[in-house]
Amino acid sequence: VIKCKAAVLWEANKPFSIEEVEVAPPKAHEIRIKIVATGICRSDDHVVTGALVMPFPIILGHEAAGVVESVGEGVTSIKPGDKVIPLFVPQCGKCSSCLSAKGNLCSNSDIDSGAGLMPDGTTRFTCKGKAIHHFIGTSTFTEYTVVHESAVAKIDSAAPLEKVCLIGCGFSTGYGAAVQTAKVEPGSTCAVFGLGGVGLSVVMGCKAAGASRIIAVDINKDKFAKAKELGATDCVNPKDFKKPIHEVLIEMTGHGVDYSFEVIGRTETMTAALASCQYNYGVSVIVGVPPAAQKITFDPMLLFTGRTWKGSVFGGWKSKDSVPKLVADYMKKKFVLDPLITHTLPFTKINEGFDLLRTGK
C-alpha cells in the first residue's frame, strides 16, 4: 500500500481537500501509476456542481500522464518505468463497440454507469478509513492511481508528460471530433461553439482537415485571439446580436455551415448548433458533456430535411490504439499543445486551478 497526497472531493459544491490517502497495490490486470501531470477539465467541474452525477467521496481527474510504478498479475504489455496515459474510455478489444470499426465507446467504460469503482466493483483508495470512489476509471488528482490494463496506453518514453497529458482528454476529444467523428472535408465551413481547451482543439482539427472557414463562437471575447492563432477565420460573440445565433451564422454563410460543434455542454447551444448547420446535409456534433436530468425540445423538421446530429466521446478515437499514435504525431510536430496550456500550478493549488477554469481564464 502506498500512502500519498490526493485531492479528495467529499461532497458536491465544496473545494477539493488535499488528504493523505492509501492506494492499494494493483490486482490482476491492473496497473499502478505515479501521476506526473494532470489537466483540469470542465467534466471534472461538472461533478463538483452536480451536472455529472457521480458517487462521493471521490478522487476526480481524467486527463493525465505518468510513469508505471507496479503492475498486477497477468499484465504483460506494460512494465514498471513505462510512460503512460490513463484512458477514461478504455479499449477492451472484445465488446461490440471495440469490435466495430465504427465505434470507440468501450462497454467497460464507467461513463454510462457512473459507479465510481474498478471493473471488479471495488476501490483502490481509502482515506481516514473510508473507501473513496474512482472517477471514470482514471482518478488522476492523486500522486498515485490504479487503472485497469484496458484503460492505459504506453507512450513514447521521450514525450514531455506535462504537455502530452492533454492527449488524455482535451486535445484528443476536440481534434478527433473534427477529423474523426465529423470527418470535416477540405474547403468546408465549420462553426465551433465554445472556445475552452476542447473547443480550441476542435478549431485545430477543422484547420488540419482543410476547412476553408472556421467560425468560432463564444460569449467571452478574451478567447478570440487564441482561436484566431489556432485557425479560426471568424469570431462571433452571440451577445453582440439581437437575433438568435443560428440566424447570424446562416446569414454569414448564406446557407448554414457544413459542420457545427457544440463544445460547452448546454442544451440551448446544442439546438443552436444543430440549427446553424446546412438544412439538408449539415452535420452537428455534440462534444460537451450534456447536463444531467435536462432534456432537449426541438423542431423535428430540423432533422427531417436531412441534417445529421451526432455525439462524440473522446473524439471517436479507439483509445489504446490511437493515444500512442497521437503522442507520436505530437513528437513529429504535426500539431501543437502549448497554446492550450495557460497555467502550470503545483498540485496543492488545485482549487486555484478550478477557479481559473470557472472564470474562463
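Listing for the model above:
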quantity	calculated
Residue ID - least open to solvent (accessible area, probe 1.4 Å), chosen from residues in region 7-63 that are hydroxyl-bearing (Ser, Thr, Tyr) and at pLDDT below 95	Ser43
Number of positions in region 265-290 that are in a loop (DSSP other than H, G, I, E, B), closer than 16 Å to Val313 by Cβ and out of contact with any Ser or Thr (no Cβ under 6 Å at 6 or more places or on another chain)	3
Complete set of residues in region 269-319 that are within 23 Å of Asn237 (Cα to Cα) and small (Gly, Ala, Ser)	Ala272, Ala273, Ala275, Ser276, Gly282, Ser284, Gly288
Which listed residue is loosely packed, with under 14 Cβ neighbours inside 10 Å and outside the structural domain of Ala65 (by the TED database), from Gly288, Gly306	Gly306
Every residue from region 92-110 that is farther than 21 Å from Arg124 by Cα and open to solvent by less than 30 Å² (accessible area, probe 1.4 Å)	Cys95, Cys98, Gly103, Asn104, Cys106
Residues of region 315-331 classified as in contact (Cβ under 8 Å) with a residue 60 or more places away in the chain, part of a helix (DSSP H, G or I) and basic (Lys, Arg), total	1
Residue check, Gly114 surrounded by 22 or more Cβ atoms within 10 Å (Cβ to Cβ) and under 30 Å from Glu11 (Cα atoms)	no
Subset of region 332-358 that is open to solvent by 70 Å² or more (accessible area, probe 1.4 Å) and assigned to a helix (DSSP H, G or I) - its residue that is nearest to Ile18 (Cα to Cα)	Thr348
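The values are calculated or read from the model by the stated rules, or taken from the named source; none is laboratory data. Nothing here was measured: the structure is a model prediction, and the numbers come from that model. Quick reminder, even Gly has a Cβ in these numbers, built from the backbone with ideal geometry, and neighbours come from all protein chains shown. Note: areas computed on protein heavy atoms with side chains; ligands, DNA, RNA excluded. Shrake-Rupley method; radii C 1.70, N 1.55, O 1.52, S 1.80 Å.
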